[in-house]
1. Taking the Cα centre of segment 116-183 as the origin, how large is its charge dipole in debye, to the nearest 20, when only Lys and Arg (+1) and Asp and Glu (-1) carry charge on their Cβ atoms?
2. Return, for the Cα atoms of segment 30-165, the radius of gyration and Dmax in Å, separated by a comma.
3. Below 8 Å between Cα atoms, with a sequence gap of 6+, how large is the relative contact order for the chain in percent?
4. State, in angstrom, two size descriptors of the chain derived from its alpha carbons: Rg to one decimal place and Dmax to the nearest whole number.
5. With Kirkwood's inverse mean 1/r over C-alpha pairs for Rh, give me the Rg to Rh ratio of segment 343-408, two decimals please.
6. Rounded to the nearest 10 Å², what accessible area does L283 have for a 1.4 Å probe in the complete protein model?
7. When you count, for each residue, the other Cβ atoms within 10 Å and take the mean per peptide, how do 204-215, 298-309 rank with the highest first?
8. Find how much the distance from I290 to N227 grows on full extension, using 0.36 nm per residue of separation minus their present alpha carbon separation; answer in nm with one decimal.
Amino acid sequence: MPEWDHTSREAMNELLPEWNLADLFPGISSPALQEALAKAASGAESVAECYRGRVGDLSAEQLAELIEKYEGLQDEIGRIMSYAQLVYAAQMNDPGTSQFFQTTQERCTDISTNLLFVILELNRIEDGKLDGVLESPVLVKYGPWIRDRRAFRPHQLSDEAEALLHEKHVSGRSAWTRLFDETMAGLEFSFRGESRNSSEIFDLLSAPDGDVRRDAAEEISRVLRLNVRALTLITNTLIKDKEIEDRWRHFSLPIESRNLENMVENEVVATLIKSVKESYPRLSHRYYSIKARWLGLDQLEYWDRNAPLPEDDDRIITWEDAKKSVLSAYRAFSPKMADIGALFFDNEWIHARVRSGKTPGAFSHPTVPSVHPYILLNYQGRTRDVMALAHELGHGVHQVLAAGQGAL
């Protein structure tokens, strides 16, 4: 089938955009980046010297001044780390990039350690006293942020413990997550005599040919089995790391910290999970049974879960056609939404090309309000890829519109 010709896909891939990160920084060794790091470090030290140990005694005007300075530093540090993360996401297999990401992460962790006191001391202010301060017009803007941070008061540890967890994050949970990401991005698969990366091999699970799907699935299983010891160690270590921190913070459920972040009660989420599970037989199980019949199978094999239906159009959708389709749909809903979405295409804010060492999947990184978002895709011309573009671009538009709210 011509649409599955690997050569034509490679030709299309060469035409796909890659992002230009110059709006964040000109390069990993640029003086601008080093100046930003030095400015953030100096600013954090200055804020700590001026306000540490005094947050509970500040007037409304002084507290607003502190939070504004804190917000500015969060934007500056976030800009630096956003740049490092995006450079890293596009080429995880490059040693120089990995070293840059690690070094930048360590420096930003050191800088932000000086700012931990802001939230820790803010959370120690008694409700009655803080309520009076928050009535001031100068703090209205930050009311929701203060409320959200104080929701974690019952789970806050001592200043020393919080500092330890913060500093060890880069050599603990973050390091294990990074090892997983680099391992998955670096996997190589062999399919019918050709080398494929993870994005390319998983894409074959949506091939119209059942034999292609089966062979791809078996190769995926073979390669993952070769790495099962490392992947299992990573998973178990991350689980244990979370269990220890949750226990110290007195969270009763693994999901409780996420629920608190999302401002939703544990009982609500538990009810949702229960309802979804109870619906398995009449929804997902029934759907897979119907899909097996559509495909002419007695039972759906695991490699057929993403199979296109027999009548589906599986032609390759060019990048230009995908762009037109998404922006026209946006424009039908809101011209402003389409205009903002077009900025991502016109200004090289999207990285769509598939290549080895690039993180799989897709995301829209908000970066910081003072810059703009960037989108990463692994575009291979499927309807699913067009939907991923529409989805991530929706996040990007939202992030552009939300920038005026500030970093906090």
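The values are calculated or read from the model by the stated rules, or taken from the named source; none is laboratory data. Since the model is a prediction, treat every value here as computed from it, not as a measurement. Cβ coordinates were reconstructed from backbone atoms using ideal geometry, including for glycine residues, and neighbour counts include every protein chain displayed. These area figures cover heavy atoms from the full protein model, side chains too; ligands, DNA and RNA do not enter into them. Shrake-Rupley method; radii C 1.70, N 1.55, O 1.52, S 1.80 Å.
1. Details: 10 positive and 12 negative charges, 29 e Å.
Using only the charged Cβ atoms, the result is roughly 140 debye.
2. 17.0, 54
3. Numbers: 429 pairs, mean separation 91.1, N = 408.
About 22 percent, as a whole number.
4. Radius of gyration, then largest Cα-Cα span, for the chain: 24.4, 73 Å.
5. 1.00
6. Here the accessible area works out near 100 Å².
7. Values: 204-215: 17.5, 298-309: 14.2.
The most tightly packed comes first, giving 204-215, 298-309.
8. Details: separation 63, 0.36 × 63 = 22.68 nm, distance 3.47 nm.
Gain on stretching I290 to N227: 19.2 nm.
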